[in-house]
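> Questions regarding the structure given below will be posed in turn.
The values are calculated or read from the model by the stated rules, or taken from the named source; none is laboratory data. Since the structure is predicted, the reported quantities are computational estimates derived from the model, not experimental observations. Backbone-built Cβ (ideal geometry, glycine too); neighbour counts: all protein chains shown. All accessible areas refer to the heavy atoms of the entire protein, side chains included, with ligands and DNA or RNA removed. Shrake-Rupley method; radii C 1.70, N 1.55, O 1.52, S 1.80 Å.
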Amino acid sequence: LIPLLILAIYRFAAHVPVPGVNREVIAQIMAGGGAGSTLVNLLDLLSGGTVSNFSVMAMGVYPYITAQIILQLLVPIIPALQRRMEEDPREGQKWMEKWTYILAVPMAALNAIGQINLFNTFTGGVPIIDNFGFGPDSILQSLTIVISMTAGTMFAIWLGELISEFGIRNQGLSLIIFAGIVSRMPINVGRIMADEQNRWLALAFMIIFTSLIIFAIVFVQQGQRNIPVMYPGRRVGNRMSMPVKGTLPLRVNMAGMIPLIFAQALLSFPAILASFFTTSQIEWVASLAMTIQNVFGGNSNAYWVIYFIFVVGFTFFYTDVLFAQQNYGENLKRVGAQIPGVSRGAPTQKYLTRVLRRITLPGALFLGLVAILPWLMGLIIPFGQNTSLLLVSSAGLLIVVGVVLDTMR
C-alpha cells in the first residue's frame, strides 16, 4: 500500500506546472511534426506526460540516473576512486550514493535551463516562458523556475527512495519511471481510437505488435550464458568432500535500459548547446547551430542512425566497465574456485570478458533496434508515423518490462 500511496502522490505532483509556462505552445510543438517534435514526444513518453504539462517534474529522475552513470564510469578511470571501492565496498557504496545526490542537483539545474532554451527554439519565436533569461530584469523569475524544476526532480528522487525504504527494496526509482510511462497508455489508446479511418486496423496492429515486442524483450532480458565453475570441497572432520560443480551466469543484456537513457542524454546535449547560438549575430554561427539542432532534434534520419550507433557502442562500453568493477577473476580465486581449463586470477577475468563481449553483441544490436523502432515503423507502415501505435514507445516498453521482471524477482 505504501508504494501505491507514494506513486499517487508522484502523479499528483506531476501535474503541478512550472510558474509562467505556456502549455499551448508546447502542445503546438508536439503536434507540429517539425524539427524537435519527435524528441519532445519521446521525452514526454519517458517522463510520463510531465513534459506536455511542463510540470516541476518535467525532467523526472533522469538527472540522478545520469549522475549515477557518470560516477560509475569515473571509478575505473580514477585510481583513488577504484581503491576506495575495492578496500571497503560498503563504505565505497555509501560514498557513491552521497555524491550521486550532490551531483544530481547541478545536473538538474543545467538540464532545466537547457530544456527551456531547447524548447524555445522549436516554437517559431513564441517562447514557452516569457522573459526567461539571466539579465537584470528576468533573473529572479528565471531562478524561481530553475529552482522549482530542480526541487521537483529531487522530490521525485526522494519519493523513489521512500518506496525502496518502506515498500519494495531497491525498486523505488524504477517504479517512479514505470508509473510515468504506464500513465501515458490510456492517452495513446485514445489517439488511436480518434482515427476513424484506421481505428480498428491500428488497434489490432498495436495489440499484436506490442505483444511481440514484449515477448522479444523478455526473451533477450532473460537470456544468459552459464559458465561452469568448480568450487573446492570442504573438510568435514578428517574427510574432504568432493569438489562442487556450479555455474556463473553471464547475462546477454547486463546493461539493461541504461544505454538508452545515456545515449538519449548525449544526443540531446548538442541540440541544447546549439540552442544558445541560434540567435547569434554571426550568420555562419547561427546557420551551423540551426543545422545541428535540426540533426539532433529527433526528426532527421541522421539522428536515428547516430542513436542506433550510440546505443550499441555504449552497451559494450557500459557492460565492460560494470563487469570490470565486479572483478570475478579475483573473487573466484579468493574462494578457491576455478573455471575448468582456465587458470585462476587474471586469465579467468580475461576469459570471462571475452565470452561476455561475444554474448553482448546480440544484446547490443537488439537494444539499438528497440531504440530506433518508432523510426523504422514510420518508414515501413503507412499509418505508423504516430509512435502511439506501440501503446508506449519501444524504449518505454523496455523499461516497463525490465521493471516488472525485477519487481517479480
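> Which one is modelled with the lowest pLDDT, of the residues in region 327-347 that are among the hydrophobic types (A, V, I, L, M, F, W, C) and in contact with a strand residue (DSSP E or B) (Cβ under 9 Å, 6 or more places away or on another chain)?
V335
> If you go through region 48-69 one residue at a time, do you hit one that is open to solvent by 40 Å² or more (accessible area, probe 1.4 Å) and modelled with pLDDT of 80 or more?
To start, the set of residues in region 48-69 that are open to solvent by 40 Å² or more (accessible area, probe 1.4 Å) comprises 68.
Still in the list and also modelled with pLDDT of 80 or more: 68.
Yes; the residues of region 48-69 include at least one that is open to solvent by 40 Å² or more (accessible area, probe 1.4 Å) and modelled with pLDDT of 80 or more.
> Still on this structure, please answer the following. Return yes or no: is P228 within 30 Å of L373 (Cβ to Cβ), modelled with pLDDT of 80 or more, exposed (fewer than 14 other Cβ atoms within 10 Å of the Cβ) and in contact with a strand residue (DSSP E or B) (Cβ under 9 Å, 6 or more places away or on another chain)?
no
> A follow-up question, please. Tell me which helices (runs of 4 or more DSSP H) are completely within region 93-202 and hold 2 or more residues being open to solvent by 20 Å² or more (accessible area, probe 1.4 Å) and without any contact (Cβ under 8 Å) to a residue 24 or more places away in the chain, or say none if there are none.
Fully inside region 93-202 and qualifying: 139-166, 185-194.
> A follow-up question, please. What helices (runs of 4 or more DSSP H) lie completely within region 250-326 and have 1 or more residues being closer than 30 Å to Y351 by Cβ and modelled with pLDDT of 80 or more? I'd like the intermediate steps shown before the answer.
Values: elements: 258-275, 283-296, 301-326.
Counting at least 1 such residues, we get 258-275, 301-326.
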